[in-house]
Ligand code: CA
């Protein structure tokens, strides 16, 4: 997920990068000219757009973008909170509008919503009990709090949650470990299941003797 942040204010730009870099790859630019150069050179999943920029108005840039039939989601972030400004921004083709100052959590939630909408009909969120997986953000949540997992644990859990509460065989899970380029030892799967249980709680992964494992809806 690659985000373009167009914001000329140094403090806000720095804060945005710091906030978003935990979850996304972020490119920050401070002018429309620089935005245009980056936009032409890379594929972005979402743009955060300030309106008052040193070399022009963000709305003008957005209008040109939409005129070229570019559908990249754009979230306007601006101090202009008047109704006319908001309506103009949305009419020009912004997907959402956030007025400064705003709460970091609200910005993150709106970005998640836009990215989910962009993914269209794909099933973006899978749940087993309190455990959920956001396929757009490629992150797991436990009771809505994000969980950080090592790559192999992540792969295993992603395979399991796609089966819901149905058991997944040892063979299939072991293939996930081979699949990411590791030489598997005989107890490798158990080691990673053990790590997952430490993060998720012991009872969330049930051992099916002689077959494999399944998730429990707790
Ligand atoms: Ca500005």
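Where residues in region 137-169 are within 30 Å of residue 71 (Cα to Cα) and surrounded by fewer than 18 Cβ atoms within 10 Å (Cβ to Cβ), which of them is modelled with the lowest pLDDT? Lay out the reasoning, then the answer.
Applying the first criterion (within 30 Å of residue 71 (Cα to Cα)) to region 137-169 yields 137-141, 144, 146, 158, 162.
Imposing the further condition that a residue be surrounded by fewer than 18 Cβ atoms within 10 Å (Cβ to Cβ) reduces the set to 138-139, 141, 144, 146, 158, 162.
Details: 138: 79, 139: 88, 141: 93, 144: 84, 146: 91, 158: 87, 162: 84.
The residue in question is 138.
Looking for something within 16 Å of the ligand (Cβ to nearest atom), at pLDDT 90 or above and not in a helix (DSSP H, G or I) - is there at least one such residue anywhere in region 32-47? Steps first, please.
At the first step, the residues of region 32-47 found to be within 16 Å of the ligand (Cβ to nearest atom) are 32-35, 47.
Cutting the leftovers down to at pLDDT 90 or above gives us 32-35, 47.
Restricting the remaining residues to those that are not in a helix (DSSP H, G or I) gives 47.
Yes, region 32-47 contains at least one residue that is within 16 Å of the ligand (Cβ to nearest atom), at pLDDT 90 or above and not in a helix (DSSP H, G or I).
List pairs: first residue in region 1-29 and under 17 Å from residue 40 (Cα atoms) and in contact (Cβ under 8 Å) with a residue 12 or more places away in the chain, second residue within 16 Å of the ligand (Cβ to nearest atom) and assigned to a loop (DSSP other than H, G, I, E, B) anywhere in the structure, Cβ distance under 6 angstrom, at least six positions apart or on different chains.
Once the first residue is under 17 Å from residue 40 (Cα atoms) and in contact (Cβ under 8 Å) with a residue 12 or more places away in the chain and sits in region 1-29, its partners that are within 16 Å of the ligand (Cβ to nearest atom) and assigned to a loop (DSSP other than H, G, I, E, B) give 6/50.
Out of 84, 23, 8, 91, which single residue is surrounded by 12 or more Cβ atoms within 10 Å (Cβ to Cβ) and either within 16 Å of the ligand (Cβ to nearest atom) or not in a loop (DSSP other than H, G, I, E, B) (or both)?
Working: 84 fails: surrounded by 12 or more Cβ atoms within 10 Å (Cβ to Cβ); 23 fails: either within 16 Å of the ligand (Cβ to nearest atom) or not in a loop (DSSP other than H, G, I, E, B) (or both); 91 fails: surrounded by 12 or more Cβ atoms within 10 Å (Cβ to Cβ).
Checking each option against the conditions leaves just 8.
Counting just the residues of region 94-105 that are without any contact (Cβ under 8 Å) to a residue 40 or more places away in the chain and over 14 Å from the mean Cα position of the chain (by Cα), which one comes out surrounded by the fewest Cβ atoms within 10 Å (Cβ to Cβ)? Outline the logic, then answer.
Just the residues of region 94-105 that are without any contact (Cβ under 8 Å) to a residue 40 or more places away in the chain, to begin with: 95-99, 101-103, 105.
If we keep only those that are over 14 Å from the mean Cα position of the chain (by Cα) as well, we get 95-99, 101-103.
Details: 95: 19, 96: 19, 97: 21, 98: 19, 99: 14, 101: 7, 102: 11, 103: 9.
The residue in question is 101.
Please count how many residues of region 48-72 are surrounded by fewer than 20 Cβ atoms within 10 Å (Cβ to Cβ), in contact (Cβ under 8 Å) with a residue 24 or more places away in the chain, away from the ligand (no atom under 16 Å from the Cβ) and under 18 Å from residue 5 (Cβ atoms).
So the answer is 1.
The values are calculated or read from the model by the stated rules, or taken from the named source; none is laboratory data. Since we're looking at a predicted model, the values are computed, not measured. As a convention, Cβ positions derive from the backbone with ideal geometry for all residues, glycine included, and neighbour counts pool all protein chains shown.
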